[in-house]
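Report on the following structure.
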Amino acid sequence: MWVAAGKIVLEFWGNQNIKEKRHQMADLLTEIHKQFNASAAEVSDFDDLERCVIGLALAAGTEQGARAAMKKLLEHVDTNAFARVVVEDTDVFGYD
């Protein structure tokens, strides 16, 4: 079993409403789970109006599969997120 894990930092300027940020985050996290069967959660900067940090994890049968799935997920977020992606940090781990 191979596990891909990572984090994404999103920044969006001019946001004045924490409820709107949380609503957008909930929609994005649900979309990630549905489309990629991955776990995703906001893990830091909860009350920051202009920044959010998302933790990601997914499992695959092969290392190449895990890397490809994470790459596809990151590309999707980069092109469809409500904010600019400023950090992408991922790694893949193998377990017997």
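The values are calculated or read from the model by the stated rules, or taken from the named source; none is laboratory data. The model shown is predicted, which means the values in this text are computed figures rather than measured ones. Positions of Cβ are backbone-derived with ideal geometry, glycine not excepted, and every protein chain shown enters the neighbour counts.
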Inset, instruction - Quick one: ASP78 ticks every box in (1) in contact with a helix residue (DSSP H, G or I) (Cβ under 8 Å, 6 or more places away or on another chain); (2) exposed (fewer than 15 other Cβ atoms within 10 Å of the Cβ); (3) without any contact (Cβ under 8 Å) to a residue 24 or more places away in the chain except a single one, so which number is it? - result: (1)
Inset, instruction - Quick one: which residue in GLY65, GLY55, GLY6, GLY14 is assigned to a loop (DSSP other than H, G, I, E, B) and not acidic (Asp, Glu)? - result: GLY14
Legend entry - Filtered residues of the stretch 63-83 (kept if touching a strand residue (DSSP E or B) at 6+ places or on another chain (Cβ under 6 Å) and farther than 15 Å from LYS7 by Cβ): GLU63, ALA66, ARG67, ALA69
Inset, instruction - Mind listing just one residue for me: the one in the stretch 43-74 that is of a type in the set (D, E, K, R) and modelled with pLDDT under 95 and, of those, surrounded by the fewest Cβ atoms within 10 Å (Cβ to Cβ)? - result: ASP47
Legend entry - Tally of residues being in contact (Cβ under 8 Å) with a residue 24 or more places away in the chain, part of a loop (DSSP other than H, G, I, E, B) and under 16 Å from VAL85 (Cα atoms) across the stretch 32-50: 2
